[in-house]
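First comes the structure, then the notes that go with it.
The values are calculated or read from the model by the stated rules, or taken from the named source; none is laboratory data. All values reported here derive from a predicted model rather than from experimental measurement. Cβ sites come from the backbone with ideal geometry, for glycine too, and all protein chains shown count toward neighbours. Just so you know, the surface numbers come from the protein's heavy atoms only, side chains and all, with ligands and any DNA or RNA stripped out. Shrake-Rupley method; radii C 1.70, N 1.55, O 1.52, S 1.80 Å.
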Amino acid sequence: MPKLSARQVETIKTEGRYGDGGGLYLVVAESGAKKWVLRYQQAGRRRDMGLGSFPDVPLAAAREKASAARRAAAAGEDPIAKRKAEAARGRRPTFREIAAEVIELEQAKSTNAKVRYQWGLLLGEAYCGSMLDRMVDEITTSDVERVLRPVWHAKPETARKLHRRIRRVFEHARVRLRDGFGITMAENPARWDDLKALGFSTPEKLSRGPQPSLDYAEAPAFLSALRQRRTMAARALELLLLTAVRTDAVRRAEWREFDLGAALWTIPVEHLKDKRTRAEPFRVPLAPVVVDMLRAMKEQRTSATFVFPSPRGDQPLSNMAMLTHLKKMNMVGNGGVRWRDPRDGRPIVPHGFRATFRTWAEDQTHFPRAVIEQAMGHQVGTEVERAYRRTDVLEKRRELMRSWAENTV
């Protein structure tokens, strides 16, 4: 039977340990502070478990806590470990918190602005809003289904990427919960076998094929139309067409990369698509007409850093600037399209200029394939061949690019 009364607990002042029965004690310190302690035995070992301070925990509440702990011990559980686990569960992370960690990790692996943006977009409010503030270990396959179902067939490529990223978040969560909270996630809620059981089938693969490109016979007319436009994106498209480099290199071009006196553009490794396997920057010879364009731009530049700055001036052109400009100049009355790929009629895109140049060089010149490939920025030959190669055939490529510019202008 209990030995203490509520009045006694309130009035006791003397330092000591006062038993209430069943291993529950009120411990009074020399200062007068009071706390509750439950003494119990488990596996032959005596343990003391704190149950809180008085008066925050009154006598009745202390007895309830002691009773629950004794029941746990009788069932073979460790009451202290159980309480720690329950406290940890109260602090466990949400999907938003785990997703933020994954986004940061994955964005650090890539310098591609589009890839970095997609990680944040797909794991953010736009697609995963219904799961973001849920405890990550409470989310079920049905919850994932509700996120994926609206885009699964309507936007198959988006669906494919979204599913991979959601699955990645739960894999990250599994380790975080196991190591930080002692919680085991039985299954990944984005597991493909479970989604298939809910009726999901593999989304159709997006088959882009070759990028639609301009017929090289139309390049002079296209360039003439382009030069009538006085925008930064139009000048970027002009440089793109006359150098046959990739769009990202043009978009991120900085004035320090250009030696106009030597008619040379040196693209740093970090701006190249194959930067992981390339040790040296890519040198691009500039035709006279390109040098003239850049000199004129430099005299009127609005950015000390970027050749093609954004309207704000402190950033390069956006990913979509050139494509958007090309779409605008490509539109004619009644929804028609002026510049099309001659093979399938699709509207041309900026990246297709590389195919325009490559086809012209193959059809209309006698330059060796290695020179043409080098002009495209491709690594030529096997790894062994490249180990012995000590030239980037710059002067031969200069002749090729001058010929291309003369044909196009």
Count of segment 318-346 residues which are open to solvent by less than 60 Å² (accessible area, probe 1.4 Å), in a strand (DSSP E or B) and closer than 15 Å to GLU218 by Cβ: 1
Options PHE170, PHE222, PHE200: the member that is part of a loop (DSSP other than H, G, I, E, B) and of a type in the set (Phe, Trp, Tyr): PHE200
Those residues of segment 347-378 which are under 17 Å from ALA217 (Cβ atoms), open to solvent by 30 Å² or more (accessible area, probe 1.4 Å) and either among the hydroxyl-bearing types (Ser, Thr, Tyr) or not in a helix (DSSP H, G or I) (or both), in sequence order: THR359
Selection count where residues are assigned to a loop (DSSP other than H, G, I, E, B) and closer than 30 Å to GLY381 by Cα, scope segment 275-317: 9
Number of positions in segment 39-69 that are part of a strand (DSSP E or B), over 17 Å from SER5 (Cα atoms) and of a type outside the set (Phe, Trp, Tyr): 11
Every residue from segment 379-399 that is over 26 Å from ASP215 (Cα atoms) and in a helix (DSSP H, G or I): GLU383, VAL384, GLU385, ARG386, ALA387, TYR388, LEU394, GLU395
Verdict on PRO309 being open to solvent by less than 90 Å² (accessible area, probe 1.4 Å), touching a helix residue (DSSP H, G or I) at 6+ places or on another chain (Cβ under 6 Å) and within 17 Å of ALA233 (Cβ to Cβ): no
Single condition SER303 does not satisfy, out of (1) modelled with pLDDT of 90 or more; (2) of a type in the set (Ser, Thr, Tyr); (3) open to solvent by 20 Å² or more (accessible area, probe 1.4 Å): (3)
Subset of segment 54-88 [touching a Lys or Arg at 6+ places or on another chain (Cβ under 6 Å) and either within 23 Å of ILE12 (Cα to Cα) or among the charged types (D, E, K, R) (or both)]: PHE54
Answer residue from segment 103-129, given it is within 19 Å of LYS155 (Cα to Cα) and either part of a loop (DSSP other than H, G, I, E, B) or β-branched (Val, Ile, Thr) (or both) and is most open to solvent (accessible area, probe 1.4 Å) among those: VAL115
Search result, residues across segment 13-31 that are touching a Leu at 6+ places or on another chain (Cβ under 7 Å) and either among the hydroxyl-bearing types (Ser, Thr, Tyr) or in a loop (DSSP other than H, G, I, E, B) (or both): TYR18, GLY23
Residue in segment 187-203 that is closer than 30 Å to GLY352 by Cβ and either in contact with a Cys (Cβ under 9 Å, 6 or more places away or on another chain) or open to solvent by 50 Å² or more (accessible area, probe 1.4 Å) (or both) present: yes
Tabulated pairs, segment 292-311, first within 16 Å of GLU254 (Cβ to Cβ), second β-branched (Val, Ile, Thr), C-beta under 9 angstrom, 6+ apart or interchain: LEU294/VAL307; MET297/VAL307; LYS298/VAL307; ARG301/VAL307; VAL307/VAL250; PHE308/VAL250; PRO309/THR302
Residues of segment 23-59 satisfying the condition of being in contact (Cβ under 8 Å) with a residue 40 or more places away in the chain and more than 53 Å from the chain's Cα centre (by Cα): GLY23, LEU24, LEU59
Condition check for GLU97: among the acidic types (Asp, Glu), surrounded by 13 or more Cβ atoms within 10 Å (Cβ to Cβ), within 16 Å of the chain's Cα centre (by Cα) and farther than 18 Å from THR202 by Cβ: yes
Pick from segment 14-30, criterion among the charged types (D, E, K, R) and either in contact with a strand residue (DSSP E or B) (Cβ under 7 Å, 6 or more places away or on another chain) or within 16 Å of ALA61 (Cβ to Cβ) (or both), ranking: surrounded by the most Cβ atoms within 10 Å (Cβ to Cβ): ASP20
Residue that is crowded, with 17+ Cβ neighbours inside 10 Å and touching a residue at least 24 places away in the same chain (Cβ under 8 Å), where the choices are VAL250, VAL289: VAL250
Some residue of segment 225-245 being farther than 26 Å from GLN300 by Cβ and more than 21 Å from the chain's Cα centre (by Cα): no
Residue within segment 71-78 that is closer than 22 Å to LYS3 by Cβ, in a loop (DSSP other than H, G, I, E, B) and aliphatic (A, V, I, L, M) present: no
Residues satisfying the stated conditions in segment 81-94, i.e. modelled with pLDDT under 85, out of contact with any Leu (no Cβ under 7 Å at 6 or more places or on another chain) and buried (at least 17 other Cβ atoms within 10 Å of the Cβ): ARG83
